[in-house]
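The values are calculated or read from the model by the stated rules, or taken from the named source; none is laboratory data. Being a predicted model, the structure only gives us computed values, none of them experimental. Using ideal geometry, Cβ is built from the backbone for each residue, glycine included, and neighbour counts are taken over all protein chains shown. Calculation scope for accessible area: heavy atoms of the full protein, side chains included, ligands and nucleic acids excluded. Shrake-Rupley method; radii C 1.70, N 1.55, O 1.52, S 1.80 Å.
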Amino acid sequence: MNPDLERLHPYPFEKLKLLFKDLPSSDKSPIALSIGEPKHPSPDFVQQVLRDNTALLSRYPTTAGIPELSDAIATWLKRRFHLNSVDASSQVLPVNGTREALFAFTQAVIDRQRQPLVLMPNPFYQIYEGATLLAGGEPVYLPCTDDTGLQPDFDAVSEDTWIRTQLLFICTPGNPTGATLTKAQLKALIQLADKYDFVIASDECYSEIYRDKPPAGLLQACAELGRDDYRRCVVFHSLSKRSNLPGLRSGFVAGDSEILKGFLRYRTYHGCAMPMHHQLASIAAWNDETHVETNRALYREKFDAVLDILGGALKVSAPAAGFYLWPKTPISDEEFAQRLQAEQNVTVLPGRYLSRTVNGKNPGKNRVRMALVAPLEECVEGAKRIKALLDTL
């Protein structure tokens, strides 16, 4: 077996299962705020495209996908991020959801012979870390705290670290924080990538769930710098959150054509082609914004209702984007999650399970992640139960 498998940490939900192992059962109905799986209805018109094209299951899809899908993605990118140019044939690559793409991308770009460092936010989506370890890289965790606006303090990274950096993961909007990077911050990172010759992988999967202002994107910052080649920059987007289609396993990677050329070669061997009927359904989803606007409105309604209940009882505020709350807990995050589960049958994820301890500090400690993905009534009931627990502390 690959010895690097032993370096992998248990996934957060494995830890959560152990945390709840011996808890007493509650007689209340379960409410899960722990998993970031969208629960809003998938668009009817996308489902119809799938039904109408099941005959295409008889065909092998190509790794690069059909040109019509890349064209739809390029058109969406230009419209959403005000880009002058996106070459659909060389700067866009459809993928089977961004989870597998983030992992595979890391394997393709890391040169394990050069003692590579891979920088990532802390807390983080654990795929960044696992992909790094299995690619032979060394993770460098950049703490995201209140003092840094819940995003990494890139100015605190030493020059020696930048010199060894091969890949920088950024997540904007952040999971679990909901914090976003500004165009000025993104431009500064692009300049650092030029200076130290590393790749920026921007996970932007939550970019379409925002309260007021659309978050900036990495390619948008490139375009404003006059860099339509998107050199050293790659973005990851998905239909899972934007369109409530997590089961479709559809997303894309876009940016530097030279990087994507090598990544396509890797994926051809990896066997990651998207089924034909999924491609056609994806085209329909990327071409429509009405259902996305409806989706955003549903999340706004839930955030307003939940924060109205919890705002005075818990240190919590609305995120700039995404569908998570990232509150501080009045007691240990693990104890808070245990008591909430045992007494109220509401499941949340301890923040320490999403982050690593560096220099004695864990930025997720005494926080929990709450995913407001369930229907409004269930989220409101969950908030009331959380408030009931808080009243006992």
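Which condition does Gly65 not pass, out of (1) over 20 Å from Tyr269 (Cβ atoms); (2) more than 19 Å from the chain's Cα centre (by Cα); (3) small (Gly, Ala, Ser), if it passes all the others?
(1)
Answer yes or no: is there a residue in the stretch 239-254 that is within 27 Å of Ile110 (Cα to Cα), in contact with a strand residue (DSSP E or B) (Cβ under 9 Å, 6 or more places away or on another chain) and without any contact (Cβ under 8 Å) to a residue 60 or more places away in the chain.
yes
Give the residue that is farthest from the chain's Cα centre (by Cα), with candidates limited to residues of the stretch 197-215 that are assigned to a loop (DSSP other than H, G, I, E, B) and crowded, with 22+ Cβ neighbours inside 10 Å.
Phe198
Need pairs with beta-carbon distance below 6 Å; first residue touching a residue at least 12 places away in the same chain (Cβ under 8 Å) and within the stretch 175-189, second part of a helix (DSSP H, G or I); sequence gap 6+ or separate chains.
Pro176/Leu354; Lys183/Ala221; Leu186/Leu218; Leu186/Ala221; Lys187/Ala221
Among the residues that make up the stretch 221-232, is at least one of them open to solvent by 20 Å² or more (accessible area, probe 1.4 Å), assigned to a helix (DSSP H, G or I) and either of a type outside the set (A, V, I, L, M) or closer than 24 Å to Glu208 by Cβ (or both)?
yes
Just checking, does the stretch 74-85 include any residue being touching a strand residue (DSSP E or B) at 6+ places or on another chain (Cβ under 7 Å), among the small types (Gly, Ala, Ser), assigned to a loop (DSSP other than H, G, I, E, B) and open to solvent by less than 40 Å² (accessible area, probe 1.4 Å)?
no
Would you point out the residue of the stretch 313-348, among those that are in a strand (DSSP E or B) and within 16 Å of Leu389 (Cα to Cα), that is least open to solvent (accessible area, probe 1.4 Å)?
Checking each candidate, the answer is Val346.
For the stretch 142-159, enumerate the residues that are over 24 Å from Asn366 (Cα atoms), in a loop (DSSP other than H, G, I, E, B) and open to solvent by 50 Å² or more (accessible area, probe 1.4 Å).
Answer for the stretch 142-159, where residues must be over 24 Å from Asn366 (Cα atoms), in a loop (DSSP other than H, G, I, E, B) and open to solvent by 50 Å² or more (accessible area, probe 1.4 Å): just Ser158.
Among what's in the stretch 16-31 and is among the small types (Gly, Ala, Ser) and open to solvent by less than 80 Å² (accessible area, probe 1.4 Å), pick the residue that is modelled with the lowest pLDDT.
Applying the filter and picking the extreme gives Ser26.
Restricting the stretch 176-196 to residues that are in a loop (DSSP other than H, G, I, E, B) and open to solvent by 20 Å² or more (accessible area, probe 1.4 Å), which is farthest from Leu372 (Cα to Cα)?
For the stretch 176-196, the residue satisfying everything is Thr182.
Taking interchain pairs and intrachain pairs at least six residues apart, which have beta carbon atoms under 8 angstrom, with the first residue in the stretch 55-70 and among the basic types (Lys, Arg) and the second outside any loop (DSSP other than H, G, I, E, B)?
Arg59/Met276
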